[in-house]
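Novice: One structure is given below, represented as structure tokens, and several questions about it will come after.
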Amino acid sequence: MASLNSSVLSNIDRWSDRRSNPSFTGCAQINGARNVNPFGRLKQVRVSRLATEVADVSELSQADIVVREEASAGEGSNLQNPVLGSEVRKSARSLWRRFRGSKREVKGGEVASSECGTRRIKQEQEKRSKFDYKGNGSDSISVMDKGLEAAVSAIGSDSSVAHCNSILKRLERSSDRMTLSFFEWMRNNGKLKKNGLAYNLVLRVLSRKGEWDSAEKLLREMSTDSECILNFQVFNTLIYACYRRGLTDLATKWFHLMLQNGVQPNIATFGMLMNLYQKGGNVAEAESAFAKMRFFKLHCHSAYSAMITIYTRLGLYDKSEEIIGLMKEDRVIPNLENWLVQLNAYSQQGKLEKSEQVLRSMQEVGFSPNIVAYNTLITGYGKVSNMDGAQRLFQNLKNVGLEPDETTYRSMIEGWGRADNYREARWYYDELKRSGFEPNSSNLYTMINLQAKHKDEEGAMQTLEDMSRIGCQYSSILSSVLRAYEKVGRIDKIPLILKGKFYEHVLVDQTSCSILVMAYVKCSLVDDALDVLKDKRWKDPNFEDNLYHFLICSCKELGYHENAVKIFTEMPKQEGIPNLHITCTMIDIYGAMGRFADAKNLYLNLESSGTSLDMIAYSVVVRMYAKAGSLNEACLVLDKMEKQKDIVPDNFLFLDMLRIYQKCGMVEKLANLYYKILKSGITWDQEMYNCVINCCARALPVDELSRLFNEMIQRGFSPNVITFNVMLDVFGKAKLFKKVRKVFWMAKKRGLVDVISYNTIIAAYGQSKDFNNMTSTVKKMEFNGFSVSLEAYNCMLDAYGKEGQMESFRSVLQKMRESSCDSDHYTYNTMINIYGEQGWIEEVANVLTELKECGLQPDLCSYNTLIKAYGIAGMVEEAVGVVKEMRENGIEPDQITYVNLINALRKNDNFLEAVKWSLWMKQMRMSNSKC
């Protein structure tokens with residue numbers, strides 16, 4: 001006989017294509033068939049990657065067909081093509097001849113009789129009602145048990161729903177893909193009407209595969225197209241899959257969908273949900289589900305336990321007790337888990353009497369003594385440092401037939417640690433190890449803290465060995481030890497503990513080495529830190545530079561500048577380019593120490609090395625020069641920075657630049673810098689607004705300053721006192737007195753008006769010759785509790801004197817003397833100038849006498865004013881004598897001195913002398929535009 005041809009199609013996807021093509025029949029050549037009793041019982045068919053759709057079910061039912069797995073891959077290759085060829089037709093004719101005893105021949109692939117054609121049509125219809133069970137790889141029928149193979153091969157459109165369900169159930173345990181394919185076949189053959197079992201099995205497969213959208217669609221189909229009644233089993237299938245995977249949100253979604261469809265959950269539903277909510281700490285959903293459980297009058301023990309546990313973990317002990325009360329109200333008989341969570345809830349909040357009562361109640365209702373319950377109580381007593389109670393329970397363990405476990409010993413160690421009893425904690429620690437248990441990280445940390453506090457360095461060394469033995473990371477061990485000893489101020493004992501293999505590991509591990517030296521430096525143990533760095537066994541120049549930089553920065557932040565200098569001096573110096581960051585940090589430290597020479601040397605070395613400075617480096621150097629008072633050098637550094645186009649200053653550097661340019665009187669630089677700041681796009685804060693207004697008051701137009709001030713107010717920033725006074729001065733000099741009054745009102749409302757504010761307004765009114773408002777402002781100044789200041793008197797003297805209102809001038813002088821306000825150089829110079837303008841030389845002489853009697857000597861301004869006064873009075877010789885007196889007193893004449901002297905000579909017709917002094921000025925490189 002010919003060999004068995006073993007395949008029609010090799011995957012399930014082709015099966016769907018065949019269903020859409022009615023002309024495709026598919027054939028199989030079967031060898032070894034034998035006819036037995038035609039009325040005998042039908043035996044199952046054993047099939048491997050074959051289809052038997054070609055046989056008529058009504059006729060094949062009378063035969064006992066056994067198909068053996070004899071087909072090879074080569075023999076079945078001619079059937080892989082779905083197009084019916086001559087070989088396929090020949091195989092079909094051979095098959096029919098054997099089963100029907102046909103002797104007729106077929107020529108050229110044509111049907112010889114109408115009877116044969118009818119049979120072939122019937123074959124095609126029967127084939128379409130059959131399920132194609134072949135698949136690929138692990139989904140192939142060949143991997144199933146033979147009984148399932150036979151059952152699947154025999155299934156047909158006339159099979160009962162119950163029989164189909166039984167096949168589907170067996171497939172669900174074997175192959176997800178075959179299950180879904182068979183389910184699709186059942187749908188196409190009308191086997192799903194009111195068939196909830198089939199849907200439930202497929203939902204199980206979809207949930208295993210995580211195809212949640214498909215599962216949701218199937219639920220809708222189940223209740224609409226198939227008219228199935230949704231029940232809790234359906235939704236529990238999905239919720240269980242989510243429970244296994246920990247998908248809390250998805251489980252909640254199915255639960256809400258369950259309720260929306262009017263399906264009442266059962267105890268298993270709430271048990272799974274509450275377990276998920278407990279693990280995730282989802283209080284809101286847990287409370288909602290718990291409320292619904294009670295609404296349905298269901299009693300799920302694990303739900304009560306979950307709610308108690310959630311509330312206990314969150315410290316909501318009152319609510320925990322409410323749930324305990326609800327258990328009693330609902331007449332729920334607690335199981336072991338319920339008793340244990342109640343015990344834990346009371347123990348966590350320190351209600352140990354109630355905990356003991358719960359323990360007794362457990363035993364009274366028949367639960368045997370439980371080590372978990374005793375451990376919970378011992379932990380509770382330890383938390384409140386009631387170690388007498390913990391000790392009593394521990395000693396009672398043997399009386400109730402229990403042996404301490406590792407949790408028992410660990411809880412006792414923690415309890416004695418909280419009670420600061422090192423002796424007892426050490427005993428239980430040793431017992432823990434003697435009993436074959438291992439301490440946990442909390443035990444080890446407790447022991448190392450106790451040993452540090454009780455000065456047991458030998459015990460600490462043993463604890464370090466235990467930490468290493470159980471696999472703790474060396475860096476973690478070292479951090480714990482350092483924290484413990486630093487906490488009790490005994491970090492200097494660390495070198496006595498770190499010995500042997502542990503210290504060797506510290507020296508070869510960068511992280512551990514860094515942790516140790518940083519701890520030493522923090523506690524001012526610089527010598528120990530430097531020793532470790534000298535002994536280290538690792539080489540990483542970049543890491544080493546960063547470590548030294550970090551140590552120096554730590555010293556700087558702690559204010560240990562001398563330690564920083566020592567570390568910098570001892571650190572290994574690398575040839576070539578110096579480390580920019582370390583050098584800048586040391587420049588900053590030297591500047592803070594006032595060692596500006598050292599700071600300047602570091603900067604010069606950095607510059608000579610050709611290192612390109614960044615923005616931070618420039619900022620540090622500029623600030624150092626500013627602190628040293630070397631403003632010219634600071635400006636030179638800023639000029640170099642401006643040549644580097646890639647440097648964009650930050651807010652802090654911009655502020656330093658503004659202050660330096662203001663102190664140097666560089667008005668043009670200030671204006672350029674202001675517009676550069678506007679273009680830089682930096683974020684303006686309160687300090688920036690205040691600094692720009694204060695420094696650029698003389699460099700910017702009044703309108704721009706006004707705009708900037710208004711913008712500052714609109715953005716919610718608060719001007720400081722200096723800013724308000726600057727704006728008063730700017731508006732006052734511009735004679736914008738309406739704005740002056742507005743700014744003064746704003747400052748007063750914020751409580752930022754001071755004496756300078758009044759002085760500024762008085763000076764502004766005086767310069768504008770608005771004597772009424774000037775006098776009124778002085779009265780307001782006194783009314784608001786401020787004494788009239790010397791500056792205010794000087795402003796009034798200057799204003800009245802220049803306008804020739806000598807009566808008012810004398811009146812101000814009289815008030816000034818009555819108020820015991822001492823005069824300064826400005827006062828005397830104003831008096832000399834005013835009296836000189838009036839030609840009152842006698843009064844000028846009196847002022848000079850008064851000036852010397854009060855212990856003051858004439859300054860440059862005094863002499864210049866005196867020369868002017870002598871010139872007005874025609875006293876030329878006295879004017880020339882003043883110049884000689886200036887030089888004798890060590891005051892070098894300036895341009896104003898010579899201009900006043902030349903003017904005095906010219907007014908008194910001494911032109912020859914005026915020319916001589918003019919030539920002298922030219923020799924001294926002083927210009928005199930008036931000569």
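The values are calculated or read from the model by the stated rules, or taken from the named source; none is laboratory data. On a predicted model such as this, the values are computed, not experimentally measured, just so you know. Reconstructed Cβ throughout: ideal geometry from the backbone, glycine too, with neighbour counts over all protein chains shown.
Novice: Filter the stretch 490-526 down to the residues that are charged (D, E, K, R) and under 25 Å from ASN542 (Cβ atoms), then identify the one that is farthest from the chain's Cα centre (by Cα).
Specialist: Only one residue fits best here, namely GLU504.
Novice: Can you tell me which residue is surrounded by the fewest Cβ atoms within 10 Å (Cβ to Cβ) among those in the stretch 459-483 that are within 25 Å of GLU406 (Cα to Cα) and among the hydrophobic types (A, V, I, L, M, F, W, C)?
Specialist: ILE470
Novice: Are any residues in the stretch 373-406 surrounded by fewer than 14 Cβ atoms within 10 Å (Cβ to Cβ) and part of a helix (DSSP H, G or I), and if so, which ones?
Specialist: ASP388, ARG392, GLN395, ASN396, LYS398, ASN399, VAL400 - these are the residues of the stretch 373-406 that are surrounded by fewer than 14 Cβ atoms within 10 Å (Cβ to Cβ) and part of a helix (DSSP H, G or I).
Novice: Which is of a type outside the set (Ser, Thr, Tyr), farther than 30 Å from GLY591 by Cα and surrounded by fewer than 18 Cβ atoms within 10 Å (Cβ to Cβ), of GLU570, GLU486?
Specialist: Testing whether each residue is of a type outside the set (Ser, Thr, Tyr), farther than 30 Å from GLY591 by Cα and surrounded by fewer than 18 Cβ atoms within 10 Å (Cβ to Cβ) leaves just GLU486.
Novice: Moving on. Of all residues in the stretch 151-188, how many are over 57 Å from the mean Cα position of the chain (by Cα) and not in a helix (DSSP H, G or I)?
Specialist: Total meeting the criteria: 7.
Novice: Let me ask you something else. Among the candidates LEU507, LEU482, LEU478, LEU464, single out the residue that is over 23 Å from ASN546 (Cβ atoms), in a helix (DSSP H, G or I), free of Cβ contacts under 8 Å to residues at least 40 places away in the same chain and not polar (S, T, N, Q).
Specialist: LEU464
Novice: Please determine whether any residue of the stretch 217-236 is at pLDDT below 90, closer than 26 Å to LEU148 by Cβ, of a type outside the set (Asp, Glu) and within 48 Å of the chain's Cα centre (by Cα).
Specialist: Yes: the stretch 217-236 contains one or more residues that are at pLDDT below 90, closer than 26 Å to LEU148 by Cβ, of a type outside the set (Asp, Glu) and within 48 Å of the chain's Cα centre (by Cα).
Novice: Any residue in the stretch 587-599 that is of a type in the set (Ser, Thr, Tyr) and part of a loop (DSSP other than H, G, I, E, B)?
Specialist: For the stretch 587-599, residues of a type in the set (Ser, Thr, Tyr) and part of a loop (DSSP other than H, G, I, E, B): absent.
Novice: Collect the residues in the stretch 348-372 that are among the aliphatic types (A, V, I, L, M), more than 11 Å from THR408 (Cβ to Cβ) and part of a helix (DSSP H, G or I), keeping them in residue-number order.
Specialist: LEU352, VAL358, LEU359, MET362 - these are the residues of the stretch 348-372 that are among the aliphatic types (A, V, I, L, M), more than 11 Å from THR408 (Cβ to Cβ) and part of a helix (DSSP H, G or I).
Novice: Starting from residues that are β-branched (Val, Ile, Thr) and touching a Phe, Trp or Tyr at 6+ places or on another chain (Cβ under 9 Å), keep the ones in the stretch 257-303 and report whichever is surrounded by the fewest Cβ atoms within 10 Å (Cβ to Cβ).
Specialist: Checking each candidate, the answer is VAL283.
Novice: Further, regarding this structure: Within the group ASP528, ASP456, ASP430, which residue is loosely packed, with under 14 Cβ neighbours inside 10 Å and of a type in the set (Asp, Glu)?
Specialist: After applying the criteria, what remains is ASP430.
To keep it simple, each residue is scored yes or no on (1) surrounded by fewer than 13 Cβ atoms within 10 Å (Cβ to Cβ); (2) within 24 Å of LYS600 (Cα to Cα).
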position	(1), (2)
PHE654	no, yes
CYS664	no, yes
TYR675	yes, no
MET688	no, no
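Novice: Residues in the stretch 734-755: is at least one closer than 22 Å to LYS815 by Cβ and either assigned to a loop (DSSP other than H, G, I, E, B) or not aromatic (Phe, Trp, Tyr) (or both)?
Specialist: yes
Novice: Now for a separate question. Search the stretch 822-866 for residues being touching a Gly at 6+ places or on another chain (Cβ under 8 Å) and not hydrophobic (A, V, I, L, M, F, W, C), and hand back the single one that is surrounded by the fewest Cβ atoms within 10 Å (Cβ to Cβ).
Specialist: Going through the qualifying residues, I end up with GLU837.
Novice: Something else now. Please pick out the residue among GLY881, GLY855, GLY874 that is assigned to a helix (DSSP H, G or I) and over 60 Å from the mean Cα position of the chain (by Cα).
Specialist: Testing whether each residue is assigned to a helix (DSSP H, G or I) and over 60 Å from the mean Cα position of the chain (by Cα) leaves just GLY881.
Condition check ((1) over 23 Å from ALA198 (Cβ atoms); (2) not in a helix (DSSP H, G or I)) across all residues:
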| residue | (1), (2) |
| --- | --- |
| PHE235 | no, no |
| TYR240 | no, no |
| THR252 | yes, no |
| LEU259 | yes, no |
| GLN264 | no, yes |
| ALA268 | no, no |
| ASN275 | yes, no |
